[in-house]
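Report on the following structure.
What follows is calculated from the coordinates using simple rules that are stated; it is not laboratory data. Here the structure is a predicted model, which is why all the values come from computation and not from measurement. In this analysis, Cβ positions are derived from the backbone assuming ideal geometry, glycine residues included, and neighbour counts consider all displayed protein chains.
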């Protein structure tokens, strides 16, 4: 009977996690991971938490506990990175992040946090890198992507510089962040435990703003200033690492400095290339046939194997090679342009501009609509919604294109939302 009760606690937690647009397929591996991260009692409590930020008072009401007791549990979970601890205005809120990008990474970002990180790493590797359901569902489902690539600003030419928006620059994210945190790279730390890590640095991945504030507060990340953030970015660019961050324009939560051998996102970009799991930049490298000598440096540097060598078609030098790009695989990061020593590559704008969601709320709503989970955001029975949260979500819906609005309305089957969207036949009260 105790075994059944134990499994039920983690099953309820798994169900709660899958209310997120980016959930986690419930497998035996997931249950083993959750058992390492949460006690049985914690799993039962966390399963009752709302999706949106909540106060200790709201958690206490859901848990039927005194506020002081609930607050102690919340702080303990936040200290381990299982919850984010946010200061919004004059109030303190908590939020349960999704598994990724979220508490999976946070569990590996601080060494000596009480977890068996070697065992966690082995389970994560099996769940993410051997099996494919979780990563494929996380990164490839729907049209809106969780993460995007930032362009390598050092290789932008005069023609492209004017076309780069501020939100496409990692330097701008660093410069404008209210707080900057640096933590251990989850991907390389995990790969170290399974003996597959490269030699790139661990202490190099950045979080920003309220997310950074929570991780810094609990010692999961260390606070740095703008200058150190810029220095870490320059070090990453010098190592030909790719900047992969949250797919939003405003208040970006994270930028990881990724390699093609360890990074979950870049590995997925190679593994599921035709499904385009990462939002690209607005640029593509272009080969200058006159300058390219087929040295292959760009091929070696490309993190997703989008660049190759083909015959240059030169009858005077039949063995001469030339770089060739597979556009449908290219992230537009610009690493290949950086390593070219002969001006054989340059960046040009893509024919169609890539659309980036404005905020995390905007991206979450888009992903929820596309994945059939918008009703979870609106009708979250885990806790009472306040008017501010309701307005934020519905406001994001109202900014969507008409086709997306129709999808949202059909999923929710809500007369109220139909009226807000101005659907045919609706009449305001």
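Could you list 124, 115 in order of exposure, starting from the residue whose Cβ has the fewest other Cβ atoms within 10 Å? Intermediate values should be presented prior to the final figure.
Details: 124 28, 115 17.
By the 10 Å Cβ count, ascending, the order reads 115, 124.
Pairs of alpha-carbon atoms within less than 8 angstrom and 6+ residues apart define the contacts here; what relative contact order does region 283-349 have, in percent? List each step's numbers first, then the result.
Working: 130 pairs, mean separation 32.5, N = 67.
This gives 49 percent for region 283-349.
Measure nothing but the geometry: give the 0 to 90° angle between the long axis through the Cα atoms of 67-79 and the longest principal axis through the Cα atoms of the chain, rounded to 10°.
20
Within region 319-363, what residues put their amide N at less than 13 Å from the label point 7 Å along the Cα-to-Cβ vector of residue 300?
339-341
Would you mind ranking 154, 236 by Cβ crowding within 10 Å, fewest neighbours first? Write down the numbers at each step before the final one.
On the way: 154 11, 236 24.
Going from sparsest to densest Cβ surroundings: 154, 236.
Just from its helices, what would the mean residue ellipticity at 222 nm be for the chain, if runs of 4 or more DSSP H residues each count -39500 (n - 2.57) and the sum is divided by every residue, rounded to the nearest 500 deg cm²/dmol?
Numbers: 21 runs with 181 residues, N = 429.
Mean residue ellipticity at 222 nm (helix-derived): -11500 deg cm²/dmol.
Would you compute the Debye intensity of region 2-135 from its alpha-carbon atoms alone, equal scatterers and no solvent, and pass along log10 I(q)/I(0) at q = 0.09, 0.11, 0.13, 0.14 Å⁻¹ to two decimals?
-0.26, -0.38, -0.54, -0.63
Could you state, as a whole-number percent, how many of the C-alpha pairs of the chain are farther apart than 34 Å? Present the calculation step by step, with values, prior to reporting the outcome.
On the way: 31715 of 91806 pairs.
The proportion of pairs with Cα distances above 34 Å equals 35 percent.
For region 107-197, list log₁₀ I(q)/I(0) at each q in 0.12, 0.16, 0.22 Å⁻¹, using the Debye formula over Cα point scatterers of equal strength and ignoring solvent, two decimals each.
-0.62, -0.93, -1.09
Considering every Cα-Cα pair within region 283-349, what fraction, in whole percent, is farther apart than 20 Å? Show your work: numbers first, answer last.
On the way: 446 of 2211 pairs.
Beyond 20 Å sits 20 percent of the P(r) for region 283-349.
Where does each of 105, 286 land when they are ranked from fewest to most other beta-carbon atoms within 10 angstrom? Can you show the working numbers first?
Numbers: 105 27, 286 12.
Ordered from fewest to most neighbouring Cβ atoms within 10 Å, 105, 286 come out as 286, 105.
Report, to the nearest 10°, how far helix 360-370 tilts away from the longest principal axis of the Cα atoms in the chain, using its own Cα long axis and a range of 0 to 90°.
So the inclination is approximately 90 degrees.
Taking the Cα atoms only, what angle lies between the long axis of helix 387-398 and the longest principal axis of the chain, rounded to 10 degrees?
40
Just to be sure I understand: of the beta bridges DSSP finds with both ends in the chain, what percent are antiparallel, rounded to 5? Before the final figure, lay out the partial values.
Details: 33 of 34 bridges.
Here the antiparallel bridges make up roughly 95 percent for the chain.
Taking a temperature of 20 °C and a viscosity of 1.002 mPa s, what whole-number D in µm²/s does Stokes-Einstein yield for region 199-333 with Rh from Kirkwood over alpha carbon pairs? Write down the numbers at each step before the final one.
Numbers: Rh = 17.0 Å.
In µm²/s, the coefficient rounds to 126.
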